[in-house]
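This report refers to the structure that appears directly beneath it.
The values are calculated or read from the model by the stated rules, or taken from the named source; none is laboratory data. Remember, it's a predicted structure, so these values are computed and weren't measured experimentally. Positions of Cβ are backbone-derived with ideal geometry, glycine not excepted, and every protein chain shown enters the neighbour counts. To get the accessible areas, we keep the full protein, side chains included, count just its heavy atoms, and leave off ligands, DNA and RNA. Shrake-Rupley method; radii C 1.70, N 1.55, O 1.52, S 1.80 Å.
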Amino acid sequence: METQASTSTSLTPPVGPPAATRRGTLRVYLGATPGSGKTFAMLREGRDRRSQGEDVVIGFVETYGRPRTVEALDRLEVVPRLRVEYKGTVLEEMDLDAVLARRPQIALVDELAHTNAPGVRNGKRWQDVEELRDAGIDVITTVNVQHVESVKDVVEHITGIPVRETIPDEVLDRSTEIQFIDIAPEALRKRMRHGNIYARDRVETALSNFFRPGNLSALREIALRLVAQTVGASRSEVRPSPEDVVVAVSGSAGSEMLIRRGARMARRLGGLCAVVTVIDPKHQHAASADLERLRSLADQLHCAFIERYSNNIAASVVAATRELEADHLMLGESPTRQRLGRWRTTLVDRLIDELPDTNLHVIARFGVAHPPPDQVAGERPEPDALLRSLQQEQHRHGSLRIYLGYAHGCGTTSAMLDEARRRKSRGTDAIVAAIDMRGRGPCDIAVEGLEILGGLNSPGANGVLDVDALLARNPEVACIDDLAGVDTAGRTRYEDLHRLLDAGITVIATLHLADLRSTVEAMGSLLGEREGRRVVDDSVLTLANEMEIVDVTPSVIDQRLRRGEIMDSADAARALQGEFRPQVLAALRESAFRLIAEHTDRQLLAYMRERRIDAPWEVRERVIVCVPPRPGMEDVIRRAKRRAANVDGEFTVLTVRTRPRSNEEKLLLGEYAALTHQMKGEFVTLYERSVAPAICEYARKVFATEIIVGGRRRRKRFRLLPSTLRQLIRILADVDVHILAADPG
């Protein structure tokens with residue numbers, strides 16, 4: 001049984017400087033969207049920390065009139081706000097000097113990306129937070145993923161809504177801990193309809209704009225992968241060699257998006273990013289405004305900015321790339337408008353010739369505008385109707401919602417019971433079908449106001465699911481704690497889900513990643529032995545309509561374990577040597593983020609196909625490597641696999657058959673297919689007359705973000721690109737055509 005109950009006391013907070021002179025910590029509650037519950041979680045932690053005797057104050061919190069958030073302010077000291085007059089209006093900001101003078105141990109500061117009113121000492125709230133940390137004050141704060149500078153362009157491309165406030169990525173890099181507040185897209189839309197986020201007169205507008213299901217899924221996946229990447233980087237002891245990236249920009253409208261794309265690539269590869277722009281000396285005055293704009297963005301993203309004055313663009317870019325010894329060069333390619341352009345030497349031709357040892361990334365037709373989803377031809381389906389139709393196709397009426405924890409003690413039980421109470425308060429017949437009440441005092445509080453199937457002396461209250469009794473009771477919603485538990489017949493209770501769903505019962509359940517079959521098989525030796533461990537088959541994930549991760553950091557799990565909130569002291573001592581070791585918890589946590597991201601990605605793809613969106617959204621990398629039936633492509637496949645792994649992307653090997661193949665070619669492709677499957681990739685053969693159009697059509701179908709072309713060789717100077725590669729660059733839109741560096745051998 002896991003709870004996250006918090007208590008408050010009437011302790012008088014001590015006033016005075018912190019005991020130690022050190023830099024304060026920064027704990028960030030990260031959400032995918034407004035309304036996810038970040039502020040509520042921050043205030044709940046503030047109350048918990050205060051109840052433990054720590055000196056906590058609210059530096060700034062914006063409640064937006066949300067009842068639960070207002071209620072969460074209970075008995076927390078609030079530092080009065082600073083009132084600033086601006087253009088006849090009085091604006092309220094955090095009074096930084098007042099918080100510094102108060103000198104608490106912990107300051108709660110909402111909305112990290114907020115822009116302060118003119119006249120305030122710092123332009124951004126994150127700069128205020130840095131001052132608090134410099135003074136030795138620990139800060140707990142909140143931010144949404146769309147406000148992270150490096151993903152701003154991706155968010156704007158997907159939602160069509162400008163993002164006006166951002167924080168530099170390094171602010172998150174310097175944070176002590178990041179905790180993700182998850183909510184499934186449809187759950188957030190329900191929360192919106194109930195008036196828990198915006199006033200009711202704004203609900204329909206919000207649901208049809210920013211809060212569309214596709215937007216919410218995309219933002220959620222971006223956030224999940226961002227946190228997984230951060231967790232993975234922090235726990236990795238052996239890291240691959242960093243790879244540096246150069247981005248060549250012209251100052252056109254697409255240059256900012258290209259810089260952000262290059263910065264994201266460098267970040268994933270652990271290297272540095274440099275921006276190079278070549279200016280014609282005759283037009284340098286006209287380019288000054290564009291230069292300042294690009295220089296400012298590069299500075300925010302911590303990219304070097306290099307200006308070269310020349311009328312020979314190719315030579316200047318080549319020189320800069322060689323000087324920096326960069327591994328990757330990225331540039332955008334606009335379609336030529338000249339009638340004979342396709343037969344003339346291009347910038348890409350010259351760069352391939354001059355930089356054979358550099359990976360070249362050509363963003364094909366970069367910056368091409370695509371109609372937003374709502375403007376695509378055809379009638380737009382209503383999301384709830386689409387969900388119902390999908391359920392009917394699967395021949396069941398109930399739905400399954402899973403709260404996933406990466407380890408016992410995350411708080412999944414509390415999250416499940418909280419939802420049951422919310423549903424019951426709205427008139428839903430919700431009961432607790434299985435929960436272990438034995439020896440856990442907090443459970444009495446956690447289940448207060450909820451019916452337990454069969455009462456306190458029933459199997460359900462002892463952690464055993466009575467399926468027949470549940471079917472006879474036939475509630476609308478049943479809560480089942482821990483799908484790895486057992487039923488009255490001794491079966492693992494995830495095996496009972498089909499019967500319950502077919503009966504039309506909606507199931508809210510909890511699941512721990514350490515009990516999932518794939519996790520046990522991959523990490524069994526690290527998890528250690530646990531008496532009576534039962535394994536849940538991964539097929540349960542395909543049943544789930546919605547999954548949410550209940551995230552807490554490993555340090556919080558460790559504290560709960562040592563306080564006896566998860567298991568007794570004897571079991572805790574053994575657990576600390578097994579699956580509760582810090583490195584194991586970190587690995588499990590990263591895996592949980594990636595698992596939920598995969599689930600979200602499947603939903604997002606279904607949404608994009610339903611809406612007939614044909615332009616890739618750079619939410620997850622989907623890497624295709626093209627191989628012809630010729631010898632020597634094994635290394636190309638392996639390099640492409642490493643590339644996909646580095647960006648946490650899907651990996652597909654693609655070959656196009658335009659004519660009958662010889663036995664030798666069939667044998668080669670069979671070997672390539674075996675190698676691909678060995679590396680957990682997909683091998684696809686297309687049967688078409690022309691190679692480039694076939695590749696492009698398939699790339700659109702699977703929303704590929706990167707097409708890798710290998711087998712590169714040093715060529716005679718300025719020979720034209722192969723026709724297939726030229727066609728790919730000309731036909732594709734917003735896709736990275738990655739030309740691998742020449743094989744050193």
Long-range neighbours under 9 Å by Cβ, at least six apart or interchain, first residue closer than 21 Å to Pro242 by Cα within region 625-645, second open to solvent by 30 Å² or more (accessible area, probe 1.4 Å) and of a type in the set (Val, Ile, Thr): Val636/Val709
Residue in region 215-222 that is in a helix (DSSP H, G or I) and surrounded by fewer than 21 Cβ atoms within 10 Å (Cβ to Cβ) present: no
Residues located in region 80-101, provided they are open to solvent by 30 Å² or more (accessible area, probe 1.4 Å) and in contact (Cβ under 8 Å) with a residue 40 or more places away in the chain: none
Residue match in region 305-322 (condition: surrounded by fewer than 18 Cβ atoms within 10 Å (Cβ to Cβ), among the acidic types (Asp, Glu), part of a helix (DSSP H, G or I) and at negative phi): no
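Would you tally the residues in region 80-94 being within 28 Å of Asp55 (Cβ to Cβ) and out of contact with any Lys or Arg (no Cβ under 6 Å at 6 or more places or on another chain)?
So the first thing to find is which residues in region 80-94 are within 28 Å of Asp55 (Cβ to Cβ), and the list is 80-84, 92-94.
When the remaining residues are screened for being out of contact with any Lys or Arg (no Cβ under 6 Å at 6 or more places or on another chain), the result is 80-84, 93-94.
Residues in region 80-94 being within 28 Å of Asp55 (Cβ to Cβ) and out of contact with any Lys or Arg (no Cβ under 6 Å at 6 or more places or on another chain): 7 in total.
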Members of region 292-304 found to be in contact (Cβ under 8 Å) with a residue 40 or more places away in the chain and either open to solvent by less than 50 Å² (accessible area, probe 1.4 Å) or outside any helix (DSSP H, G or I) (or both), listed by number: Leu294, Leu297, Leu301, His302, Cys303
Test: residue in region 631-653 that is touching a Lys or Arg at 6+ places or on another chain (Cβ under 8 Å), open to solvent by 70 Å² or more (accessible area, probe 1.4 Å) and closer than 22 Å to Glu697 by Cα: yes
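Being among the hydroxyl-bearing types (Ser, Thr, Tyr) and more than 18 Å from the chain's Cα centre (by Cα) is the filter here, so list the residues in region 122-166 that pass it.
So the first thing to find is which residues in region 122-166 are among the hydroxyl-bearing types (Ser, Thr, Tyr), and the list is 141-142, 150, 159, 166.
Thr141, the sole residue that qualifies.
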Output for region 522-541, where each listed residue is modelled with pLDDT of 90 or more and surrounded by fewer than 23 Cβ atoms within 10 Å (Cβ to Cβ): Val535, Asp537, Asp538, Ser539, Val540, Leu541
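Can you confirm whether Ala615 is closer than 20 Å to Tyr406 by Cβ, of a type in the set (Gly, Ala, Ser), in contact (Cβ under 8 Å) with a residue 24 or more places away in the chain and open to solvent by less than 20 Å² (accessible area, probe 1.4 Å)? Quick ask: steps written out before the conclusion?
Working: closer than 20 Å to Tyr406 by Cβ: no; of a type in the set (Gly, Ala, Ser): yes; in contact (Cβ under 8 Å) with a residue 24 or more places away in the chain: yes; open to solvent by less than 20 Å² (accessible area, probe 1.4 Å): yes.
Considered against the rule, which asks whether it is closer than 20 Å to Tyr406 by Cβ, of a type in the set (Gly, Ala, Ser), in contact (Cβ under 8 Å) with a residue 24 or more places away in the chain and open to solvent by less than 20 Å² (accessible area, probe 1.4 Å), Ala615 comes out as no.
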Qualifying residue in region 406-416 (condition: in a helix (DSSP H, G or I), touching a Cys at 6+ places or on another chain (Cβ under 7 Å) and within 22 Å of Met547 (Cα to Cα)): yes
Selection count where residues are within 21 Å of Thr63 (Cα to Cα), assigned to a loop (DSSP other than H, G, I, E, B) and at pLDDT below 90, scope region 162-209: 6
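Output the residues belonging to region 84-96 that are touching an Asp or Glu at 6+ places or on another chain (Cβ under 7 Å) and within 27 Å of Arg47 (Cβ to Cβ).
Here is the first cut: in region 84-96, the ones touching an Asp or Glu at 6+ places or on another chain (Cβ under 7 Å) are 84, 94, 96.
Result: Met94, Leu96.
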Qualifying residue in region 465-487 (condition: surrounded by 15 or more Cβ atoms within 10 Å (Cβ to Cβ), closer than 23 Å to Ala407 by Cβ, touching a Phe, Trp or Tyr at 6+ places or on another chain (Cβ under 8 Å) and hydrophobic (A, V, I, L, M, F, W, C)): yes
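One line per residue, one yes/no per condition, for (1) part of a helix (DSSP H, G or I); (2) open to solvent by 50 Å² or more (accessible area, probe 1.4 Å); (3) modelled with pLDDT of 90 or more:
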| position | (1), (2), (3) |
| --- | --- |
| Ser8 | no, no, no |
| Thr12 | no, yes, no |
| Pro17 | no, yes, no |
| Arg23 | no, yes, yes |
| Asp48 | yes, no, yes |
| Arg75 | no, yes, no |
Odd one out for Glu62 among (1) in contact (Cβ under 8 Å) with a residue 40 or more places away in the chain; (2) surrounded by 14 or more Cβ atoms within 10 Å (Cβ to Cβ): (2)
Tabulated pairs, region 113-134, first of a type in the set (Ser, Thr, Tyr), second open to solvent by 10 Å² or more (accessible area, probe 1.4 Å), C-beta under 8 angstrom, 6+ apart or interchain: Thr115/Gly123; Thr115/Lys124; Thr115/Arg164; Thr115/Glu165
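Quick one: in region 588-598, of everything that is surrounded by fewer than 22 Cβ atoms within 10 Å (Cβ to Cβ) and touching a Leu at 6+ places or on another chain (Cβ under 8 Å), which residue is farthest from Val520 (Cα to Cα)? Before the answer, list the steps.
To start, the set of residues in region 588-598 that are surrounded by fewer than 22 Cβ atoms within 10 Å (Cβ to Cβ) comprises 590-591, 594, 598.
Next, only the ones that are touching a Leu at 6+ places or on another chain (Cβ under 8 Å) stay: 591, 594.
Working: Ser591: 12, Arg594: 16 Å.
The selected residue is Arg594.
Return yes when Arg602 is assigned to a loop (DSSP other than H, G, I, E, B) and more than 22 Å from Arg264 (Cβ to Cβ) and no when it is not. If you could, list the steps in order and put the result at the bottom.
On the way: assigned to a loop (DSSP other than H, G, I, E, B): no; more than 22 Å from Arg264 (Cβ to Cβ): yes.
No; evaluated as a whole, the condition is false for this residue.
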